[in-house]
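The values are calculated or read from the model by the stated rules, or taken from the named source; none is laboratory data. As the structure is a prediction and not an experimental result, all values here were calculated from the model. Heads up, the Cβs are rebuilt from the backbone with ideal geometry, glycines too, and the neighbour counts pull from every protein chain shown.
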Amino acid sequence: MKYILKENILGNESKYLTKLNVSFTNDSIIFDFESYDSKLYNAGSIFNDPLYNGDVVEVFLCLNNDLNHYYEIEVSPNNTRWFSYITNDLNGTFSGKYLNDLIFSSVQIIDNNYFTKIIVPFKVINYDGKSNILFNAFRIETEGGIINKNLLSVYPTLKNTFHDPYSFKILERD
């Protein structure tokens, strides 16, 4: 499936073009992001650093329609990853449990654009390959380090946060 990310708070077209293509193999989900016009600001360089304070692409994956629990995956322009399992009370409070670095990613930078591939093996998220997955995908563009400056999403939450599981939709297969 192909997506164009929108501005998260109002749901409008974003000035930071971001495309996402999602595909499946026999044992993995592949997320291919195209992020244009970035300052390429990296907020960390070690696995599970707080990458969300910089430029980053993110994917939230929810299995079994359990909106209280979902996986969060982030990749920054320097290919640093964040991987956690989120517990969300659906009233604005959430916490994460760091997981082992079992997600694969690569980033290619061309001028001020970055192209990110994230490969999520089914076994890492305990996915059976058949049931529905709810998801949303995001980009943060800080314009050089201004936290939460530009929030983009496939399905806008219409809030100043991405952690709104009610915005998750079924991840369709082509």
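Of the residues that make up the range 23-34, is at least one more than 28 Å from R173 (Cβ to Cβ), charged (D, E, K, R) and modelled with pLDDT of 95 or more? Let's see the steps before the verdict.
Narrowing the range 23-34 to residues more than 28 Å from R173 (Cβ to Cβ): none.
The answer is no; no qualifying residue exists.
How many residues, within the range 127-142, are modelled with pLDDT of 95 or more and either at positive phi or aliphatic (A, V, I, L, M) (or both)?
The number of residues fulfilling the criteria is 4.
Residues checked against (1) polar (S, T, N, Q); (2) within 19 Å of K19 (Cα to Cα); (3) in contact with a Phe, Trp or Tyr (Cβ under 7 Å, 6 or more places away or on another chain):
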site: N79; (1), (2), (3): yes, yes, no
site: Y85; (1), (2), (3): no, no, yes
site: L90; (1), (2), (3): no, no, no
site: F94; (1), (2), (3): no, no, no
site: D101; (1), (2), (3): no, no, yes
site: F104; (1), (2), (3): no, no, no
site: I109; (1), (2), (3): no, yes, no
site: N113; (1), (2), (3): yes, yes, yes
site: I118; (1), (2), (3): no, yes, yes
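Would you confirm, using the coordinates I've provided, whether I147 is farther than 21 Å from Y3 by Cα, touching a helix residue (DSSP H, G or I) at 6+ places or on another chain (Cβ under 7 Å) and buried (at least 17 other Cβ atoms within 10 Å of the Cβ)?
no
It is to be established whether one or more residues within the range 114-129 are among the small types (G, A, S) and touching a strand residue (DSSP E or B) at 6+ places or on another chain (Cβ under 7 Å).
Within the range 114-129, the first condition is being among the small types (G, A, S), and the residues that meet it are 129.
Filter again for touching a strand residue (DSSP E or B) at 6+ places or on another chain (Cβ under 7 Å), leaving none.
No, every residue in the range 114-129 fails to be among the small types (G, A, S) and touching a strand residue (DSSP E or B) at 6+ places or on another chain (Cβ under 7 Å).
Does S45 qualify as being in contact with a strand residue (DSSP E or B) (Cβ under 8 Å, 6 or more places away or on another chain) and either part of a loop (DSSP other than H, G, I, E, B) or of a type outside the set (V, I, T) (or both)? Let's see the steps before the verdict.
Working: in contact with a strand residue (DSSP E or B) (Cβ under 8 Å, 6 or more places away or on another chain): no; either part of a loop (DSSP other than H, G, I, E, B) or of a type outside the set (V, I, T) (or both): yes.
Taking the combined requirement at face value, the residue does not satisfy it.
What's the total number of residues in the range 98-126 that are in a strand (DSSP E or B) and at pLDDT 95 or above? Walk me through how you get there before you give the answer.
First, the residues of the range 98-126 that are in a strand (DSSP E or B): 98, 104-110, 113-121.
So of that shortlist, the ones also at pLDDT 95 or above come out as 104-110, 113-121.
Qualifying residue count for the region: 16.
Residues of the range 67-97 being surrounded by 12 or more Cβ atoms within 10 Å (Cβ to Cβ) and outside any strand (DSSP E or B), which ones?
L67, N68, S76, P77, N78, N79, T80, L90
All but one of (1) in a strand (DSSP E or B); (2) without any contact (Cβ under 8 Å) to a residue 24 or more places away in the chain; (3) among the hydroxyl-bearing types (S, T, Y) hold for Y155; which doesn't?
Unmet condition: (1).
Among the residues of the range 46-65, which ones are over 16 Å from L152 (Cα atoms) and modelled with pLDDT under 95?
Within the range 46-65, I46, F47, N48, D49, P50, N64, N65 meet the criteria.
Quick check on the range 24-40. Is at least one of its residues touching a helix residue (DSSP H, G or I) at 6+ places or on another chain (Cβ under 9 Å), assigned to a loop (DSSP other than H, G, I, E, B), of a type in the set (D, E) and touching a residue at least 12 places away in the same chain (Cβ under 8 Å)?
So far as the range 24-40 goes, yes, one or more of its residues are touching a helix residue (DSSP H, G or I) at 6+ places or on another chain (Cβ under 9 Å), assigned to a loop (DSSP other than H, G, I, E, B), of a type in the set (D, E) and touching a residue at least 12 places away in the same chain (Cβ under 8 Å).
Identify, from the list F168, F138, the residue that is under 16 Å from H69 (Cβ atoms) and among the hydrophobic types (A, V, I, L, M, F, W, C).
F168
Being more than 19 Å from A43 (Cβ to Cβ), surrounded by 11 or more Cβ atoms within 10 Å (Cβ to Cβ) and of a type in the set (A, V, I, L, M) is the filter here, so list the residues in the range 100-132 that pass it.
L102, I119, V120, V124, I125
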